[in-house]
Amino acid sequence: MRLLVRRHFAGVVAVLCSVAVWFVAQQPVASPQERSTLADRFEFSSHPVSPADQHSDRAVRTVAPAYHKIRSWISSVGAGAGLFAAGSGATARDLCLVDPRSDTVTVSPVPTSGARYRPFTLTPDTPGPAPSAPMGCVPADLNEDGWQDVLVYYWGRSPVIFLREPGVPLESRAFRPRELVQPSQVWNTNAATIGDYDGDGHLDLVFGNYFPDGARVLDPGAHQDELQMNESLSDARNGGVNRMFRFDPVRTEAGPDVAFTEVDGVFDAEQARQWTLALGTQDLDGDGRPELYVANDFGPDQLLVNESENGRIRFVEAKGDRRPATPKSTVVGEDSFKGMGVNFRDLNDDAVPDILVSNITEAYALHESNFAYLSVDDPEVLHAGAAPYEDHSERLGLARSGWSWDVKTGDFDNDGGPEVMHATGFVAGHTNRWPQLQETATSNDLILADPQLWPNVGPGDDLSGHDRNTFFVRGDDGRFVDVAAEVGVGTDAVSRAFAVGDVDSDGRQDFVAANQWARSTLYHNQSEAGAFLGLRLRQPVSGPCGTAGGDAKRPAVGATARVRTGEGDQVQQLYPANGHGGVNAPELLFGLGERGVGEVPVEITWRDACGERHIADLSLGTGWHDIVVRADGTAREAR
C-alpha cells in the first residue's frame, strides 16, 4: 500500500511539475489593449501593382517531367520587386516587378506617383539556353554613368543586365540587354546582392543558385541527371554553384559600358552548392569591407567575413559559440533550419548591425525558429573566425511568423525604432500536404534527391498557403508584437518579397509586397509619423581613377551614416539588395520622433571610385537631403 501511495504521489508531482514548466515556458501575450495602442500609430492605404502585359490566371508553371508530381512546389518562387529612380533624379518612385503569372519583368511608376509613362517589360534580346523564368530584379547603376540599370536573374539562364540608355524616354528601348556571361548558361538563381567587396570603389555582384547548374527545371522535354532535389533536409550540398563577379569597366565610343569577371575560389567547394535562397551584405565590423550572409534552404547558413584587398576578393567563415543551454540550430553557421531571408538592423542600440533571419516556423507542422542574432562582443573577433552573435528571437517575440521568406525592417512611424516584416506563405490550396511532407522529413537522406520519391504537391494542394504577412511593432517591454491584421497589411496572399522606400518624399516609408500567383500591392504610408532625417547619398560618376566624369551621380552603395540624436546613435548602411527577392530604395531614413527639432549631427563614411575611404561630419535639419560624397573627402548638398 505504501508503495502504491508513493507511486501515486510521484505521479502527481510529475504532472504538477510538467504543468509548472509549461506555464513557465509560455511567452507573454500582448493584451487587446496593447495591440490596439501599438497599431494606432500606423495607417496604410493599399494600391494594386500589376505587370505591363496581360497576365494569365495560372498558378503553376510547366516543368521538367521529373518534377511533374511536385510542380506546385517547383512553381512556388519568382515574385520580386525593387524600388529605384528609372529617370534622372534621386527619388525612388519607379518599380521593377517580377510577376510569375506572366513570367515578366515590368518597369512602371509606383502607384500614387502619377502616370508619368506607360509600364513596359524588360526582355532579353537573345534566346536563352533553356526555358526560363525571371526570379528577381536588382536596380543599380552598374556601368557608373549616373543612370540606374536593372539586373535580372532567372531560372533557366544566367542573369541579364539591362543598361539604361541615358536620356531615352521611359519605354522598352530605354534599357539595353546585356548577358552577364557569354554565351548564356543554364543557372537557377534565387538570390542576388551587390557591394564593393574588394574595396576598389566599384560594385561587385553575388548570385545564390538553387537547383544544380545545367538543370533545365522548366523544360517539359528535359531528361537529365541534374534534375535533382536536395540530398538532405539539413546539410544538402548538391545545389547550384554560388558565384561572385567583380566589376570590370569598359569604355566605348558610345559611352560607358560594363563587364563583370567571375572570381574563382571565393566560395569553397562545399559552401558553393548549398541551395541558397537569400543573400545579405553588411559591414559588421566597420572596416569598410562588407561581410556576406548566405541563407541556405537545406543546410547551415554561412557568415562570411571579408578579408579582401583591392583587386582580390577573399572571405573566411565565422561561426558562433554554443553554450550548454543553446540549441545547436540557433548558433550562427551551425543551424539546420530553412534559411529563407536575411536582413540587418541594430536592435540592441549598440550601433552594431544585428542579423535577422527568417525560417519556417509553422505551428503543428515544421516549428523551427526565426533568428534575431544580436551582437554580444567586439566585432573584431570576426576575423578570428568567431561570430559574436546570439539568437534572442524568442525573448524579442520575433521567433515565429509562419512559412517566412523575405524579412525587412523600417521605421514607419519615425519614432527611432524599427518595425519588422515577414513575407509569408508557400503553396495555397485546399488539401493539406503537411502530413506527407513531415513523412518526407523523417525519411533517409539517401532517397531525398530523387524527386519521384517526394509527396505530391500539385494544383489544389496546400502547404502554409494562408499564412499572413507580419508587421511587428516593439512594445514598452522591449518585445515585438505582430499587429499586421490591425494595421491592414496582414494579407494572406502568398508573398515573397518586400521593397521599402519613401516613394513620395513625404518622410513616411512605404513598401511594396510582391505576391506569388496574385496581384502585388503598394502599401502607402499615411501614419501620423514623427520628424525624420532622410539621406539620399550619391557620389559623382568618375572616369578612370582620379579623373572627373561629369555631373552625373550614382547611389553611394556601401556608405554608412551615423546620426547623433542625444539619446544614442542611429547607424545605417546603404545596401539596398538584401534578403529574398526585395530591393529597397537606395536611401536611408532616420526617425527622430519628437526630438526632431533644429539640426542633427551626422557622420558619413564612404569609399570613392579610387577605393579611398573618407569620413565627413555634417549638421543637417530634418527632412530629406540629397548629399553628394566626393573623392576629395567632402560631403555636401547637391545643387
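The values are calculated or read from the model by the stated rules, or taken from the named source; none is laboratory data. A quick note: this is a predicted structure, and the numbers were derived from the prediction, not measured. Glycine also receives a Cβ, built like all others from the backbone with ideal geometry; neighbour counts cover every protein chain displayed. Keep in mind that these areas ignore ligands, DNA and RNA; they rest on the heavy atoms of the full protein, side chains included. Shrake-Rupley method; radii C 1.70, N 1.55, O 1.52, S 1.80 Å.
Test residue 68 against the stated conditions and say whether it is assigned to a strand (DSSP E or B) and open to solvent by 40 Å² or more (accessible area, probe 1.4 Å). Taking the combined requirement at face value, the residue does not satisfy it.
Only a single item in (1) in contact (Cβ under 8 Å) with a residue 40 or more places away in the chain; (2) among the small types (Gly, Ala, Ser); (3) not in a strand (DSSP E or B) is not met by residue 191, and it is number (3). Restricted to segment 71-105, and to residues there that are farther than 21 Å from residue 216 by Cβ and polar (S, T, N, Q), the residue that is surrounded by the most Cβ atoms within 10 Å (Cβ to Cβ) is 91. With respect to residue 319, determine if the residue is without any contact (Cβ under 8 Å) to a residue 24 or more places away in the chain, farther than 20 Å from residue 153 by Cβ and either surrounded by 23 or more Cβ atoms within 10 Å (Cβ to Cβ) or basic (Lys, Arg) (or both). Spelling it out, it is not the case that residue 319 is without any contact (Cβ under 8 Å) to a residue 24 or more places away in the chain, farther than 20 Å from residue 153 by Cβ and either surrounded by 23 or more Cβ atoms within 10 Å (Cβ to Cβ) or basic (Lys, Arg) (or both).
When segment 506-536 is filtered for residues that are part of a loop (DSSP other than H, G, I, E, B), closer than 25 Å to residue 75 by Cβ and not aliphatic (A, V, I, L, M), the ones remaining, listed by number, are 516, 517, 519. Annotation for segment 299-307: at least one member residue is closer than 20 Å to residue 578 by Cα, in contact with a Pro (Cβ under 9 Å, 6 or more places away or on another chain) and open to solvent by less than 40 Å² (accessible area, probe 1.4 Å).
Looking only at segment 603-639, residues that are open to solvent by 20 Å² or more (accessible area, probe 1.4 Å) and aliphatic (A, V, I, L, M) come to 4 in all.
Residues in segment 78-90 that are assigned to a loop (DSSP other than H, G, I, E, B) and either within 17 Å of residue 174 (Cβ to Cβ) or at pLDDT below 95 (or both): 85, 86, 87, 88, 89, 90. Starting from segment 325-346, keep only residues that are among the small types (Gly, Ala, Ser), then list their pairs with residues that are part of a helix (DSSP H, G or I) whose Cβ atoms are within a distance under 8 Å, requiring at least 6 positions of separation or different chains. Hits for this filter: 336/328; 336/329. Where strands (runs of 3 or more DSSP E) fall wholly inside segment 292-400, the ranges with 1 or more residues that are closer than 25 Å to residue 445 by Cα are 302-306, 341-345, 354-358, 360-362. With respect to (1) more than 30 Å from residue 319 (Cβ to Cβ); (2) modelled with pLDDT of 95 or more, the lone exception for residue 405 is condition (1).
Candidates are the residues of segment 163-188 that are part of a strand (DSSP E or B) and out of contact with any Phe, Trp or Tyr (no Cβ under 6 Å at 6 or more places or on another chain); the one that is surrounded by the fewest Cβ atoms within 10 Å (Cβ to Cβ) is 176. Scanning segment 622-639 for residues that are free of Cβ contacts under 8 Å to residues at least 24 places away in the same chain and on the phi < 0 side of the Ramachandran plot yields 632, 634, 636, 637, 639. Of all residues in segment 471-492, which are hydrophobic (A, V, I, L, M, F, W, C) and open to solvent by less than 50 Å² (accessible area, probe 1.4 Å)? Scanning segment 471-492 gives 471, 472, 473, 480, 481, 483, 484, 487, 489. Among the residues in segment 500-517, are any closer than 30 Å to residue 429 by Cβ and open to solvent by 20 Å² or more (accessible area, probe 1.4 Å)? Taking every residue of segment 500-517 in turn, at least one turns out to be closer than 30 Å to residue 429 by Cβ and open to solvent by 20 Å² or more (accessible area, probe 1.4 Å).
Would it be correct to say that residue 399 is among the aliphatic types (A, V, I, L, M), in contact (Cβ under 8 Å) with a residue 24 or more places away in the chain and open to solvent by 10 Å² or more (accessible area, probe 1.4 Å)? Spelling it out, it is not the case that residue 399 is among the aliphatic types (A, V, I, L, M), in contact (Cβ under 8 Å) with a residue 24 or more places away in the chain and open to solvent by 10 Å² or more (accessible area, probe 1.4 Å).
Residue 190 - would you say it is polar (S, T, N, Q) and in contact with a His (Cβ under 8 Å, 6 or more places away or on another chain)? For residue 190, the condition - polar (S, T, N, Q) and in contact with a His (Cβ under 8 Å, 6 or more places away or on another chain) - is met.
Among the residues of segment 271-291, those that are more than 12 Å from the chain's Cα centre (by Cα), modelled with pLDDT of 95 or more and among the hydrophobic types (A, V, I, L, M, F, W, C) comprise 275, 284. Look at segment 526-537: where a residue is closer than 18 Å to residue 558 by Cβ and a partner is among the β-branched types (Val, Ile, Thr) and outside any strand (DSSP E or B), sitting 6+ places away or on another chain with Cβ atoms under 9 Å, you get 536/91; 537/557. Each residue in segment 558-602 was checked for being open to solvent by less than 20 Å² (accessible area, probe 1.4 Å) and either part of a loop (DSSP other than H, G, I, E, B) or among the acidic types (Asp, Glu) (or both), and 9 of them qualify.
Would a scan of segment 217-232 turn up a residue that is assigned to a strand (DSSP E or B) and either open to solvent by less than 30 Å² (accessible area, probe 1.4 Å) or under 25 Å from residue 134 (Cβ atoms) (or both)? Within segment 217-232, not a single residue is assigned to a strand (DSSP E or B) and either open to solvent by less than 30 Å² (accessible area, probe 1.4 Å) or under 25 Å from residue 134 (Cβ atoms) (or both).
In segment 331-357, the residue that is surrounded by the fewest Cβ atoms within 10 Å (Cβ to Cβ) out of those that are more than 20 Å from the chain's Cα centre (by Cα) and over 23 Å from residue 562 (Cβ atoms) is 334. Given the structure, is residue 285 crowded, with 24+ Cβ neighbours inside 10 Å and in contact with a helix residue (DSSP H, G or I) (Cβ under 7 Å, 6 or more places away or on another chain)? No; evaluated as a whole, the condition is false for this residue.
Under the condition of being touching a Leu at 6+ places or on another chain (Cβ under 9 Å) and open to solvent by 60 Å² or more (accessible area, probe 1.4 Å), which residue from segment 442-470 is farthest from residue 485 (Cα to Cα)? Among residues in segment 442-470 that are touching a Leu at 6+ places or on another chain (Cβ under 9 Å) and open to solvent by 60 Å² or more (accessible area, probe 1.4 Å), the one farthest from residue 485 (Cα to Cα) is 447.
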